[in-house]
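Just so it is clear, none of the values below were taken in a lab; they were calculated from the coordinates. For clarity, every value in this text was computed on a predicted model and none was experimentally measured. So basically every Cβ, Gly included, is an ideal-geometry build from the backbone, and we count neighbours across all protein chains shown.
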Amino acid sequence: MTFDFAGLLVLLTAASGIIWAIDAMFFARNRKPPTGDERPEPLIVDYARSLFPVFLIVLILRSFIIEPFRIPSASMMPTLLRGDFILVNKYDYGIRLPVLNTKVFGSGKPQRGDIIVFRYPEDPAVPFIKRVVGVPGDRLQYKDKKLIINGAQIGLDLKGVYHSDGVGRRENGSYLVEEQLGKLKHDILINPLQLSSVEIDRKIPEGHYFVLGDNRDNSRDSRYWGLVPDRNLVGRAFYIWMNWSSDSILDPGSWDMDWERIGSAIK
C-alpha cells in the first residue's frame with residue numbers, strides 16, 4: 001500500500017489549526033483570570049500553535065509550488081538514474097488541490113519533450129515519471145523502435161555505445177542515441193539485442209498525453225498501458241538536487257553519492 005503523505009499533511013494542518021482556533025475562541029481567556037496566576041496552556045494546544053504554521057507552509061510549498069521525488073528505476077536512463085532526487089514544478093500545468101487533484105487555476109499544458117511526473121493510470125496512488133512524446137491532436141506511430149509523429153519520423157543520431165561505472169552500468173552495451181523532438185535534443189538508450197513487438201498507431205485525443213521512458217527497451221509506458229489523462233498530471237521535472245543510490249539496499253557499504261549529478265537541470 002502506497003503511503004499518502006499529501007493526505008496526512010492535510011490532516012495534520014487541519015487538526016492543528018482547529019485545535020488552536022477552538023482554544024483561542026473558547027478556552028484561552030479562561031486561563032487569564034483578573035487576579036491570580038495564569039493557568040498553563042495545555043500541551044496539545046502548545047504543540048498545535050507551534051506546528052500549524054510549519055504544516056501550512058510545507059503543505060503550500062508541496063501542493064502548489066515544488067515537490068521532491070526520488071527516481072526508483074532505470075526507465076528514464078540516461079537522463080535520470082536510479083537514486084536521483086529531483087524537484088518537480090507543480091504550477092506549470094495548473095494549480096491543483098491536494099488529495100482531490102482538481103485543477104483550480106492555470107491552463108498550462110505539457111509540451112512535447114517535457115519530462116513529467118503523473119499518477120499512474122492503472123494505480124493513481126503510484127507516481128510515475130516519463131517523457132511526453134505525443135500531445136493532443138498528434139497522430140503517433142511507433143514501430144521497429146522508431147517514432148513517427150504526424151507523418152514525420154523523429155530524428156535519431158547514434159552517438160556510440162553506452163558505458164557507465166556507476167549505478168547505470170546494468171545498461172552498458174546499449175546504444176546511446178540522440179533523439180530530436182522538435183527543437184529539443186535529448187539522449188535515449190536502445191538495446192540492440194532486445195526485439196520490439198510493440199506497434200502503435202493512434203490519434204491522441206484532447207486532454208491526454210503519450211509518454212515514453214528514455215530507456216526505450218526497459219520502460220513500461222504508454223506503449224503498454226495507454227495514455228496519461230490531464231487529471232493525473234502532477235508536474236514537470238526540472239532539477240536534480242541529490243543522487244544517492246545502491247545496487248543492494250541490504251548492503252550499506254554499497255551506497256554511493258554521485259556528486260557530479262547534484263545541481264543538474266533536467267532536459
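Coordinate range of the alpha-carbon atoms in the chain per principal axis, descending: 85, 48, 32 Å.
Exposure proxy for Met25, Met76: other Cβ atoms within 10 Å of each Cβ, ordered fewest to most, give Met25, Met76. As a rough guide to protection, the peptides 176-186, 151-161 ranked by mean Cβ packing within 10 Å, highest first, stand as 176-186, 151-161. Remark: Asp165, Asp46 ranked as Asp165, Asp46, counting other beta-carbon atoms within 10 Å and listing the fewest first.
The Cβ shell under 10 Å around Asp92 holds other residues with a net charge of +2, Lys and Arg each +1, Asp and Glu each -1.
Comparing mean-square fluctuations of Phe128, Phe27, Phe64 from a GNM of the chain with C-alpha springs under 10 Å, the top value falls on Phe27. Extending 7 Å from Cα along the Cβ direction at Met25 and again at Asn172 yields two label points whose distance is 6.6 nm.
The range 5-64 gives an Rg/Rh value of 1.13, both radii derived from C-alpha positions and Rh following Kirkwood. On the beta carbon distance between His163 and Tyr47, with R0 = 41 Å, the FRET formula returns roughly 0.15. Tell me whether the range 1-144 comes out rounded, prolate or oblate; compute the Cα gyration tensor, take square roots of the eigenvalues as a ≥ b ≥ c, and use a/c under 1.5 as the rounded threshold. It comes out prolate by the Cα gyration axes.
Of the residues Leu233, Ala14, Val104, the one whose Cα sits farthest toward the positive end of the charge dipole of the chain, with +1 on the Cβ of Lys and Arg and -1 on the Cβ of Asp and Glu, is Val104. The reciprocal of the average 1/r between distinct C-alpha atoms defines the Kirkwood hydrodynamic radius, which for the range 85-231 equals 16.5 Å. Counting Lys and Arg as +1 and Asp and Glu as -1 over every other residue whose Cβ lies under 13 Å from the Cβ of Glu122, the net charge comes to 0.
Listed from fewest to most Cβ neighbours within 10 Å, the set Tyr93, Tyr224, Tyr175 follows the order Tyr224, Tyr175, Tyr93.
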